[in-house]
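> Here it is: the structure, laid out below.
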Amino acid sequence: MSLPNGFLDELRTRVTLSSIVGKKVTWDMRKSNMAKGDFWAPCPFHQEKSASFHVDDRKGFYYCFGCHAKGDAVTFVKEAENLSFIEAVESLAREAGMTMPARDPRAAEQADRRTLLAQVMDEAVKFYRLQLKTGAGAEARKYLSQKRRLNEQAWDRWDIGWSPDNAQAIVDHLQAKGIAPDLMTASGVVAKSDSGRMYDRFHARIIFPIRDGRGRLISLGGRSLDPNARAKYLNGPETELFDKGRNLFNQSPARDAAGKGKPLIVAEGYMDVIALSEAGFTAAVAPLGTAVTEDQLRLIWRISDEPIIALDGDTAGIRAAQRVIDLSLPMLEAGKGLRFAILPGGMDPDDLIKAQGAPAMQAVLDQAKPMVHLLWQRETEGRSIDSPERRAALDKILRGHLARIADPSIRNHYADAIKRLRAELFCTNAQAYRPFQPGPFRPGRKFAPPGGALASTRSSLLAQGQGPVEETLREAVILATLILHPALIHRFSSALERLDLTGDDHDTLRQMILAGADLPDLHAKIQVSAPHALDALMTRPHVAIAPPVRNIADDDLAALCLAEELAKLEARRGARREIEDAMEDMDGLPDEGLTWRLTQAAEARHRSEKTGPTDSADLGEDRAALSRHLQSLIDSQVWVKKTR
């Protein structure tokens with residue numbers, strides 16, 4: 001549907017963004033300045049405790065410094081309510097008292113038909129709920145209360161019903177309501193045999209209504225009590241209302257619960273979701289009779305940045321986990337991940353909660369593993385890797401998985417994680433084949449000093465293995481400079497957001513810096529919120545002697561130092577990336593193209609490191625010349641990676 005010129009502009013002027021967003025968040029009154037239309041709150045799109053979500057009423061835009069969500073009122077309603085663009089516009093227009101432009105006849109006809117189909121679904125659910133309370137639903141009530149331990153209040157909360165054995169009952173009921181036969185079949189509730197006879201698709205089944213992201217009925221699921229039934233669970237067919245690959249069971253309530261801090265759990269079926277929700281895990285969803293699809297995974301990530309995939313510990317559950325891994329690898333983005341909780345003994349969530357209670361389920365969730373561990377487990381578990389050829393085969397498989405990850409940053413981190421796991425595995429194997437044999441003392445033989453390594457050695461970056469040491473130290477100087485010179489945060493915020501941080505707690509400090517850009521007492525705030533991270537940062541000798549740390553009153557000096565550190569960091573990482581990429585590209589002897597790339601990377605790094613005076617305690621003799629050079633770095637933003 002196209003909108004007339006000026007309609008959206010008028011809509012945006014009639015609604016106040018803060019009033020729309022305020023329905024979903026709680027404003028941070030200490031940080032917000034409502035008189036100036038400046039609002040801050042924890043982000044409604046990802047789980048966090050700090051107020052990094054900013055709304056500017058004067059400009060009509062919002063931005064999250066954590067997950068980088070941004071947009072206007074229409075975008076916010078669209079994302080927060082999982083609506084289409086037109087549905088979001090309609091919702092805002094109602095709130096603003098504006099009349100939506102007339103739609104073309106065909107679109108209106110389609111909308112009217114969807115409304116009629118939704119009415120069919122409503123009538124069917126009312127009928128099934130009533131049947132559960134009658135004598136015909138006695139067996140279903142017994143199953144729900146005794147085997148599933150759901151009381152009558154839970155039946156009502158989930159609109160659970162019963163479709164009687166009489167396959168004509170729903171047909172007769174809908175006809176009595178004046179519903180046309182074509183609408184009955186188009187809704188998916190009623191099916192038609194080859195002979196043309198209409199019958200209840202779900203007869204003799206417990207009924208679970210399925211709703212979309214706005215809570216509207218779109219289909220039904222049925223659970224048979226007959227052990228000889230061809231299908232234990234039956235979902236409605238694809239209809240004008242229902243696309244099973246683009247919806248999730250319990251989607252709307254789970255989104256609301258996740259927005260309040262509950263972890264999002266992805267289970268396998270209706271009863272798992274119901275059992276989890278009734279036990280207090282209210283942010284639970286499930287796919288609808290299919291393996292998780294790309295569209296469902298996108299829906300899941302819109303609800304939560306890091307959902308937990310809770311799967312049965314049986315063979316089918318493990319296979320389902322592997323399918324999710326294969327699906328999600330190309331879709332991974334920074335901040336969007338998956339964790340996996342495999343239940344013990346072949347149990348599903350419903351079984352575990354009934355047998356051991358909610359604390360046992362919570363313990364399983366607490367032990368959920370990152371996806372890289374499941375990927376590694378799949379390729380190594382039960383496999384003998386006792387020869388160079390088998391190790392090479394494993395490396396080839398793992399490289400294939402890494403190549404499917406589109407995001408280069410995530411691909412690098414996955415590669416690092418796999419290298420660590422690989423080292424642990426092969427080191428363990430090596431120890432198994434070559435046990436340590438203590439020998440007699442010989443002069444010149446190296447041995448550990450009495451008492452082990454010093455505490456300072458154990459805490460050093462080299463011992464901790466936090467990536468390239470120089471890069472981590474440069475990150476530390478950048479973060480410390482911005483904490484002590486908060487007036488520079490806005491100037492360097494985009495560069496800080498793009499930094500690929502490696503040091504412990506560095507990302508935590510980055511989020512606090514970006515969220516506290518306008519706080520003059522940022523250092524004190526961080527000291528209260530993250531004292532250990534701040535102390536670890538500031539007590540590093542390399543940080544303590546940095547010029548902007550020693551001269552906290554000189555913002556100009558700090559800006560020059562930031563520009564230099566960012567430039568050197570990008571140059572060093574650029575050179576390392578080129579070398580890594582070139583090594584992957586090599587097949588035999590390197591060609592001229594690879595040689596040129598490595599040469600250019602080395603020259604870029606050399607150029608950046610020629611500006612070294614700020615690494616010392618002073619800025620050298622020619623302060624003016626150096627200032628001009630570093631100012632040129634700031635103006636050209638040399639730390640931004642240029643695309644070739």
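The values are calculated or read from the model by the stated rules, or taken from the named source; none is laboratory data. All of these numbers come straight from a predicted model, not from anything done at the bench. We place every Cβ from the backbone using ideal geometry, glycine too, and count neighbours over all the protein chains shown.
> Report yes if Leu276 is surrounded by 22 or more Cβ atoms within 10 Å (Cβ to Cβ), touching a residue at least 60 places away in the same chain (Cβ under 8 Å) and under 24 Å from Glu48 (Cβ atoms), otherwise no.
On the way: surrounded by 22 or more Cβ atoms within 10 Å (Cβ to Cβ): yes; touching a residue at least 60 places away in the same chain (Cβ under 8 Å): yes; under 24 Å from Glu48 (Cβ atoms): yes.
So Leu276 fits the description; yes.
> Quick one: which of Asp366, Asp395, Asp295, Asp348 is under 13 Å from Glu268 (Cα atoms) and of a type outside the set (Lys, Arg)? Before the answer, list the steps.
On the way: Asp366 fails: under 13 Å from Glu268 (Cα atoms); Asp395 fails: under 13 Å from Glu268 (Cα atoms); Asp295 fails: under 13 Å from Glu268 (Cα atoms).
Going through Asp366, Asp395, Asp295, Asp348 in turn, the sole match is Asp348.
> Checking Ile206 against (1) touching an Asp or Glu at 6+ places or on another chain (Cβ under 8 Å); (2) closer than 22 Å to Arg230 by Cβ; (3) among the aliphatic types (A, V, I, L, M), only one condition comes out false. Which one?
Unmet condition: (1).
> Shifting gears a bit: Residue under question is Ser328, and the condition is that it be at pLDDT below 90, under 21 Å from the mean Cα position of the chain (by Cα) and surrounded by 19 or more Cβ atoms within 10 Å (Cβ to Cβ); does it hold? I'd like the intermediate steps shown before the answer.
Details: at pLDDT below 90: no; under 21 Å from the mean Cα position of the chain (by Cα): yes; surrounded by 19 or more Cβ atoms within 10 Å (Cβ to Cβ): yes.
No; evaluated as a whole, the condition is false for this residue.
> Looking only at residues that are β-branched (Val, Ile, Thr) and outside any helix (DSSP H, G or I) in the range 369-427, which one is modelled with the highest pLDDT? Please lay out each step first, then the result.
As a first pass, look at the range 369-427 and keep what is β-branched (Val, Ile, Thr): 372, 380, 385, 397, 405, 410, 418.
Within this subset, residues satisfying the condition of being outside any helix (DSSP H, G or I) are 385, 405.
Values: Ile385: 84, Ile405: 93.
The extreme case among them is Ile405.
> Right, here's the next one. Select from the range 133-150 the residues that are in contact (Cβ under 8 Å) with a residue 40 or more places away in the chain and part of a helix (DSSP H, G or I) and write down the one among them that is nearest to Gly222 (Cα to Cα). So that I can check it myself, show each step before the final result.
Applying the first criterion (in contact (Cβ under 8 Å) with a residue 40 or more places away in the chain) to the range 133-150 yields 139-140, 143-144, 148-150.
Next cut, part of a helix (DSSP H, G or I) only: 139-140, 143-144.
Working: Glu139: 15, Ala140: 12, Tyr143: 14, Leu144: 13 Å.
Looking at the filtered set, the residue picked out is Ala140.
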